[in-house]
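Here, each number is a calculation from the coordinates, and none is a lab measurement. Predicted model only: the values in this text are computed from it and were never measured. Here the Cβ positions follow ideal geometry from the backbone for every residue, glycine too, while neighbour counts run over all protein chains shown.
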Amino acid sequence: MSETKSNMEQIVSLAKRRGFIYPGSDVYGGLSGTWDYGPLGVALKRNIMQLWWQMFVDERDDMYGVDAAILMNQKVWQASGHVDTFTDPLVECENCKGRFRADKLEDENVCPACGKENTFGPARQFNMMFKTNVGPVDDEASISYLRPETAQGIFTNYKNVVDTFYPDLPFGLAQQGKAFRNEISPRDFIFRSREFEQMEIEYFVNPANWEESFEHWRQQVWRWTQALGLRDDMVHELEVPEDDRAHYSQRTIDFEFDFPIGREELLGLAYRTDFDLMNIQNASGKSMEYTVKGTNDKFVPHVIEPSFGVERALMAVLSSAYTVDEVNGEQREFLKLPDHLAPVKFAVSPLLKNKPELVEKAREVYTILKKKYGAVMWDDNGNIGKRYRRQDEIGTPHCVVIDFDTIEKDGMVTVRDRDTTEQRRVSIEEL
Ligand code: ATP
């Protein structure tokens, strides 16, 4: 069986055709940088987010979840530095009026839209936050922003959680949710969108021990990429040199992945020192100090931040799973998704849909599996070959078929494996 990994366009097309991801506002011609999840996409995305929550919150005893409001007091974004510095350099072509991110141009003298040379004026800093007003009055005081990261919703709740739970250091706060960035050039499918989801952890540590926690989270990131089914040799650590790091970071590792579009950032791991809590302390006048239990030892904790993007994880999972091979002389496209991420775990079919006795038995099996696994699909459309192909394309690991032997002979059903296409007879209880 020969397998070839294929390119981005085929994945985007499969994602749309099979109900994973559609362009946002599709009926109206779309809205650049936005994407909508269809029934299978939302299932896959939730499986990824649920896996993360399970690994990093539920299975640990030093982690606390939060879910902060997306709209926050504008002081949050002033204190964090986002109002002043959350910018990308923007250039405009004098010929076609196209606008581009200066640091991502392939050739900074040639306009990628109209092809003219030397038409760019000087770069200006463009703030990527979406601005809005809270309440009916449009004035300075009512300004707010759609959050450009989930992290600040964690930092602003640090004191609340310490006051209510008083956890021992080190401990972490975790949050999942939407983030919005008015990217100058959204591109590459869901890789760079204007609305996306993050899963972030702020792990509060005694500054004397930051290196140990940084190393711990570095290992946890590898556990995560493995749990997503990503091959180790396609994940790369990029130690970000001092000049390229955010000014508050004393160490950053970008974890990159070999996407079909090239090697790009999948997620980040940063040592943010006490930068954020000190900003909050200074701007709010409230102490962010932590007192070590049973001592007079007081300090503002430092922070290790693993920051995960849901879309980039999903794109890495889809592109790793996308496989083309040949079955019985015909080309087959399928998603080799890990079982625990697959949106549908089992598809159940009667061999023929016009035989009531087969349909009845198949419905019985469907109900049993549905109770047990939840993510089970009824599929009686077209012939068996077509059903297998359709289920292969959406990454269903097992197809169960009920035929006459099931009813007349042995009570066994056929289970067909997605990857090997092998079929086995098993009893219903065994499923
Ligand atoms: P990039 O350099 O690619 O713009 P970044 O360094 O600005 O990313 P961070 O601010 O570190 O990204 O955000 C943390 C994570 O959030 C990223 O690793 C990525 O997974 C995700 N992310 C950031 N921006 C986007 C976006 N526009 N679309 C989708 N995911 C994003």
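Descriptive notes on the structure:
- Expressed as a whole percent, the proportion of Cα-Cα pairs in the range 79-229 lying more than 21 Å apart is 64%.
- Taking 4.7 Å between beta carbons as the limit, the unpaired Cys residues of the chain are Cys399.
- Karplus 3J(HN,Hα) series, Hz, for the range 69-79 with 6.51 cos²θ - 1.76 cosθ + 1.60 (x for Gly, Pro): 5, 6, 7, 10, 3, 4, 4, 4, 7, 6, 5
- Available extension along the chain between Phe165 and Glu357 is 63.2 nm, counting 0.36 nm per residue and deducting the alpha carbon span.
- With a Förster radius of 41 Å applied to the beta-carbon distance between Asn133 and Gln50, the computed FRET efficiency rounds to 0.70.
- Cα-only radius of gyration and Dmax that characterise the range 160-205, units Å: 15.7, 44
- Linear extension gain, Asp107 paired with Ala246, 0.36 nm per residue minus alpha-carbon span: 47.5 nm
- Residue-by-residue Karplus 3J(HN,Hα) for the range 292-303, coefficients 6.51, -1.76, 1.60, Hz, glycine and proline x: 5, 3, x, 9, 9, 6, 10, 6, 7, x, 9, 10
- Asn209-Glu408 pseudo-label distance in nm [points 7 Å out on the Cα-to-Cβ vector]: 7.0
- Taken about its Cα centre, the range 17-80 carries a charge dipole of roughly 320 debye when the Cβ of each Lys and Arg holds +1 and the Cβ of each Asp and Glu holds -1.
- Around the Cα centre of the chain, unit charges on the Cβ atoms of Lys, Arg, Asp and Glu (plus for the first two, minus for the last two) sum to a dipole of about 1440 debye.
- The range 346-431: C-alpha gyration tensor shape, a/c 1.5 cut-off, then a/b vs b/c: rounded
- Global form of the range 83-171, assessed from the alpha-carbon gyration tensor, a/c cut-off 1.5: oblate
- Per-pair calculated FRET efficiency, R0 = 30 Å: Thr421 and Glu264 via Cβ, rounded to 0.05: 0.35
- Applying 0.36 nm per residue to the separation of Ala375 and Arg187 and subtracting their alpha-carbon distance, the gain on full extension is 64.5 nm.
- For Lys45, the lysines whose Cα falls under 27 Å of its own Cα, not counting residues fewer than eight places away in the same chain, are Lys5, Lys16, Lys178, Lys336, Lys345, Lys370, Lys371, Lys372, Lys386.
- Computed helical MRE - 222 nm, the chain, DSSP H runs ≥ 4 contributing -39500 (n - 2.57), nearest 500: -8000 deg cm²/dmol
- Residue among Arg181, Arg192, Arg231 with the largest mean-square fluctuation in a Gaussian network model of the chain, springs linking Cα atoms under 10 Å: Arg231
- Using R0 = 56 Å, the C-beta based FRET efficiency linking Glu364 and Glu59 works out to 0.95.
- Compactness ratio for the range 196-354: Cα radius of gyration over 2.2 N^0.38 Å (N = residue count) comes to 1.44.
- Calculated on the alpha-carbon coordinates, the convex hull of the range 50-132 measures out at 174 cubic angstrom per residue.
- Taken one residue at a time, the phi angles of the range 191-204 give Karplus couplings (6.51, -1.76, 1.60, θ = phi - 60°) of 4, 10, 10, 8, 10, 8, 10, 10, 10, 10, 10, 10, 10, 8 Hz. Gly and Pro are set to x.
- Distance between the C-alpha centres of the range 256-292 and the range 178-229: 10 Å, rounded to the whole angstrom.
- Calculated P(r) tail over 29 Å for the chain, as whole % of Cα pairs: 56
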